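What follows is a short report on a single structure.
The values are calculated or read from the model by the stated rules, or taken from the named source; none is laboratory data. Quantities reported herein were computed from a predicted structural model and do not represent experimental measurements. Cβ coordinates were reconstructed from backbone atoms using ideal geometry, including for glycine residues, and neighbour counts include every protein chain displayed. With ligands, DNA and RNA removed, areas are computed over all heavy atoms of the protein, side chains included. Shrake-Rupley method; radii C 1.70, N 1.55, O 1.52, S 1.80 Å.
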Amino acid sequence: MTDPSKTPVSAKPLLATLKGERQATPPLWLMRQAGRYLPEYRALRAEKGGFLALVEDSDAAAEVTIQPIRRFGFDGSILFSDILMIPRALGQDLWFETGEGPRLAPLMDNEATVDTLAYHPEALEAVYGTVRRVAAMLPPQVTFLGFAGSPWTVATYMIAGQGSREQAAARRLAYADPGLMQVLIDKIIASTVDYLAKQIEAGVEAVQLFDSWAGSLSPAQFERWVIAPNAAIVEQLRTRCPNTPIIGFPKGAGGKLAAYARETGVDAIALDESVDPVWADANLPTDLPVQGNLDPLALIAGGATLDAAVDRILAAFPTRPHVFNLGHGIQQDTPIAHVEALIARVRGGRG
């Protein structure tokens, strides 16, 4: 197979869009496209015995990454891994509870515990092995995406030990001891920059920063714990990898999206399903590429509901570079036929 890294940007619709070139037909990929809605994924996960076992097996993780490309021919392939690999590399215990998701040994609210966190880059070698394998397997027109969690979101898991709807433990710590929170955030920033740079060195062509819990913060807290850390990552990563597009995804940011886009310096911004795409086109910086933002539940509904939702999003960006995607990850009960219908609707005559 042709080395994808030797393919001109113009022949990779997704990469070209992230670099600011609008396509007549928007490129398409889906968040969590490698995952539980695919029977081939479920079979491999059952064989390997769990999520973390898959991530640590570079051959298996590469196969999972490739599965949706093989089945659907998406324009982008996103690395199969997890945002909590960084806490693990910082020395925090990570495991997955069946049916309940990831768990971490919660950080105690004292400086000594945070100070014991130290970055162990060797803990991430399996991920880089996956990247190298996938980069050698992908069709040349497909853009390979890496990713990491943004510092605020990663910190919320590290502090509470699991996801929580209101992120109360992390928010309390940020108010009560902002200095300690800053120490933690700075450790996450430094390790994340190195992690993403090494993904890029191994073969990914663009990266996405997932700030899944950004929407829980007040404006001032959002500035400090979302905008500032993401801006630091963008600046430092650009020094190491100046030509790699960076997508920011501050889920739930709402009206703070425009400030995020201006102040972080991301190359593209992903919109969650709650954002009106017409508003986004009118309020985000001119010509900034956007990604999104179909509601994953509209994809499950299918039919006329899906068609209308897709058409509204496509019509919202008449001149702006646009990557079609979901507003968050694909749900595990999504019918495969609905994904096929979505692709046909977005691409029209393009196969």
Discussion item. If I model a spin label as a point 7 Å beyond the Cα along the Cα-Cβ vector, how far apart are those points for Glu125 and Thr305 in nm?
Written reply: 4.9 nm
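On full extension of the chain, what length is gained from Phe96 through Arg132, given 0.36 nm per residue of separation minus the C-alpha to C-alpha distance? Could you put the intermediate results ahead of the total?
Numbers: separation 36, 0.36 × 36 = 12.96 nm, distance 2.54 nm.
Residue separation times 0.36 nm, minus the Cα-Cα distance, leaves 10.4 nm.
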Response to the item:
Sorted on mean Cβ neighbours within 10 Å (highest first), peptides 149-161, 221-233 come out as 149-161, 221-233
Response to the item:
Descending packing, highest mean Cβ count within 10 Å first, for 251-261, 67-77 is 67-77, 251-261
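Can you tell me the accessible area per residue over the chain, all protein chains present, probe 1.4 angstrom, in square angstrom?
Numbers: 13600 Å² over 351 residues.
I get 39 Å² per residue for this part.
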Worksheet, complete the sentence: The set of residues whose placed amide H lies less than 5 Å from the amide H of Asn293, leaving out same-chain residues fewer than 5 positions away, is Asn325
Fill in: segment 171-288: C-alpha gyration tensor shape, a/c 1.5 cut-off, then a/b vs b/c
oblate
Discussion item. Taking amide H atoms as placed 1.01 Å from N in the peptide plane, list the residues 5 or more away in sequence, or in a different chain, whose amide H sits under 5 Å from that of Phe147.
Written reply: Gln208
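Among 336-348, 198-210, how do they line up from the highest to the lowest mean number of other beta-carbon atoms within 10 Å? Intermediate results must be reported in sequence, preceding the final value.
Working: 336-348: 15.7, 198-210: 22.6.
Going from most to least packed, we get 198-210, 336-348.
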Worksheet, complete the sentence: With the 8 Å Cα cutoff and a minimum separation of six or more residues, the chain has a relative contact order in percent of 21 percent
Item to complete: Determine which lysines satisfy two conditions relative to Lys12: a Cα distance under 25 Å, and not lying fewer than 8 residues away in the same chain.
Response: Lys198
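If the convex hull of the alpha-carbon atoms of the chain is projected onto planes in all directions, what is the mean projected area in square nanometres? Walk me through the numbers before you get to the answer.
On the way: hull surface 63.6 nm².
Here the figure is 15.9 nm², rounded to one decimal.
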Worksheet item: GNM, the chain, Cα, under 10 Å: largest mean-square fluctuation among Ala89, Ala304, Ala174?
Response: Ala304
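Over segment 1-104, with every protein chain in place, what whole percent of the accessible area is carbon and sulfur at 1.4 Å, could you tell me? Before the final figure, lay out the partial values.
Numbers: 1990 of 4300 Å².
Using a 1.4 Å probe with all protein chains present, segment 1-104 comes out at 46 percent carbon and sulfur.
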